Structures are given as C-alpha cells and as structure tokens.
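Single-structure report; data block below.
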C-alpha cells in the first residue's frame, strides 16, 4: 500500500509541474493542431501562423525568443525537476510518453551529466533556487554513484539504486562528465567539481589520445585496458574512432577552457579543431564522416544532418575560446557552408525541420527531437556570422515544426521521434539513457543568449 501511495504522489507531482501552459499557449497549440495535416499546402502558414504580420528579422527573432523562453522555463525545466529520484538519487531512467515511470530502470551517466549541465546553466541564467537544487542533486549523484574510486573515471550505467552495472569507460561519456563538471564549477565556483573535470581530462589524454595517428580512441575496459567492443550503442559501428566522441570532446574541452585556461588544454582543443577541419569534415560534401579506423580512413557512408549542424556552431564556439582570428575566419566559412549543405540536403522545406540521416539505402525521413533543436542554434549561428536573413525561414519553419509536432503539449517535454509530417512515433520512451534535457534546453538557452547579445 505504501508503495502504491508513494508512486501516486510522485506521479501527481509530475503532472502538477508539467501542466504549466498559459491560456495563450493553449490557444496557440489548438490553432497549430488544426492546420497540422494541411502544412504542406502553403508556405505562408509557417510564418503567418505563429508570427502574423511580422516582416522584419529583428521582430521575428524577438517573437521567437519569447516563445522559446516560454518553452524552456515552463515546460522543459519543470519537467525534469519532477523526475528527480529523491529516494535513491539521480533521475528516473525510463519514462513513457504518457508519464509511466519505470522506477527500477538503470540510470545512465550521460543522462545525469546532461541534467547537471542543464541546471547549472539554467541557474546562471535565471538564479532560481530549484535549478540550483537540481544541479546539486545531479552533482552529488555523479560523485557518489558514477565515479570509479578504484580506477578513476565514470561508469557508463548504474542500477536504480546507484550500483554500477556497466563499467566500461566510454570517452564519449567522459566528455560529458567534463562538460557538466566544468559548467557546475563555472556557475557555483565549486573547487571539487573543477578538480574532477581536470582529472577526467588527464585520463583522456593519458589513455585515449593516439600519439601515432592523432585523435582519440573511443572506449576502454573498467581498468582502462583496450576493449574489443568500442560501440556506444548496438546501432553504432564498432570503430576505434568516431566523429561523435570527438565532437563532444570538442565541446567539453571548450567549456573546460572557460574555467581552466591551461596552455596545454588549449593546444589540445586546437588539435581537435584541426581534426575536424582536416579529417572529419569531408572536403567535397562538407558533411561529417562518422566512423573511422585508427588511421582516419572513413568506414561509413552515413550522413547525420543533426550532427552536421551541431558541429557547425560548436566549432565556432571552440575557436572563440582559442582567440585565433585567422582560425576563426576559416572555421566561420566552414560553418556557413555546413549550414548551407544542411538546408540544401537535409531540411524539409514543406513541413519544416530536418531529417535524421541518409546513407546508401536512402534518406530516413523521420525526425528525432535533437536535430531539430540543433537546427535552431545552427541557423542562428549562421545569421550571426553572415548578417543575412537567408537562414531566417529555415529557422522559423523548424521552430514551428517543433512547436506543432515535437513538443508534447499534453504531458510536457518533447517527443523522441516524429514522422515527416509530424505524427508521433509511439512506443519510444520520452526518457531513456539518451533522451534528456541537453539538446533542447541548450538550444533554447543558446538562442536566448545569442538574441540578447545581438539586441544589446
């Protein structure tokens, strides 16, 4: 009986925290739903529906800012706060679209780290106590349950009580630890979090860096020995080097530079930028190659549009930290070209949003939540670089697609995957080890910060 009542209380609290929208938001949602199926009939609805009568770049971006800020503060952030596991620590590892919680699901370090980053950054922006409390909750769980006190580093997965169940050392996972811990220190000036971030950086450089061919190897055993299986997930290729790991090391090292401007760290960050410009970005297509052997020979033909657009702005962020004007100009040109290629090949000009990927079998027309989020930042980044409104229409249409189809206006947060026309793909959890507030919360915060910087 206690367990039943306890579970009901938690679920009621979650419902309370996510049923947030103002009357205006609900009206807008109802209006948008009424035209969803007719979205292909006219381009005019994409700007006219949400932004009637708006014609100028500044006015459009301002309206976008206000809607995006509302989504961040009244949907995304309250939703994840309600999923904190107050009994065992961390956050519930699996939640269905209709908010059925699996309280015994494993808890991933990637999810926990991303939550730690999100609420640290959110507190910096808004100063709300509940954001600080959530960041601290994530931080303490990471230190208690994910940190390996025998061999150092971070475990991949723990059970719902916090006991390790997957102890492999994925560099991708370590990168998110650096990213989150450096942000926590950046906001709260916690010395232990900086020390842990530096320890993780040193582990990466000691065990993962390839001194012969450059770059970083993907995965190791618990005690940092080579491992035969280096995959992040069953759908990935078993490759010793991946774009994905290098991309998140790039963002992690960038963030660490903000709080630890070490000369060797900056040299390593510059090396990562070079790897992208010379090894990972295809010079003919300006798409990212995703999987490589140790000698940097590509072993896959998959094009990931979400990663392409995410990389375009993360590279710009990295060179800003480095302060190299010549490199910044080079990377800015690459970033704009990558954005252009995504618009040309991966952007859905009919319904809005971007497709998941394409490969030798053809284009996958489904749309996951995270590429849509990254498209928002990538288009804003291209506007900042060029000063052109060329990127405004893809930006607005992508946001409208998100608003109409990806945001769950009933239960909160974003659906994991939708079809091309916006129809929800059922039976994919809203919360799972990869689905967490990182891409969408970061996109919102990046857009707000970038608009405010341009408007000041």
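Read-outs: derived from the displayed coordinates by stated rules, not from any lab. Keep in mind that what you see is a predicted model, and the values were worked out from it rather than measured. Because the Cβ atoms are built from the backbone with ideal geometry, glycine has one as well, and the counts that use them run over all protein chains shown.
Quick look at the values:
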quantity: Two-site FRET efficiency, residue 350 against residue 195, from Cβ-Cβ distance with R₀ of 60 Å, rounded to 0.05; calculated: 0.75
quantity: Sorted by Cβ density within 10 Å, fewest first, the residues 136, 374; calculated: 136, 374
quantity: Region 98-115 and region 372-405: distance between their alpha carbon centers, rounded to Å; calculated: 30
quantity: Span from the region 166-192 Cα centroid across to the region 254-284 one, whole angstrom; calculated: 18
quantity: Rounded, prolate or oblate (a/c below 1.5 giving rounded, otherwise prolate when a/b exceeds b/c) for region 336-456 by Cα gyration tensor; calculated: oblate
quantity: Debye intensity ratio I(q)/I(0), log10, region 53-132, q values 0.15, 0.20, 0.27 Å⁻¹ (C-alpha model); calculated: -0.66, -0.95, -1.32
quantity: Per-selection Kirkwood Rh - region 182-277 (Cα, Å, 1 d.p.); calculated: 14.3
quantity: Region 152-221: C-alpha gyration tensor shape, a/c 1.5 cut-off, then a/b vs b/c; calculated: oblate
quantity: Debye-sum result for region 211-254 in log10 I(q)/I(0), which assumes one identical scatterer on each alpha carbon, at q = 0.14, 0.15, 0.21, 0.34 Å⁻¹; calculated: -0.36, -0.41, -0.78, -1.18
quantity: Cα gyration tensor, region 275-383 - rounded (a/c under 1.5), prolate or oblate; calculated: oblate
quantity: From the C-alpha gyration tensor of region 286-332, square roots of 5λ in Å; calculated: 24, 13, 8
quantity: Spacing of the two label points (7 Å from each Cα toward its C-beta) at residue 428 and residue 209, in nm; calculated: 3.8
quantity: Principal axes of region 115-233: Cα extent on each, largest first, Å; calculated: 46, 33, 25
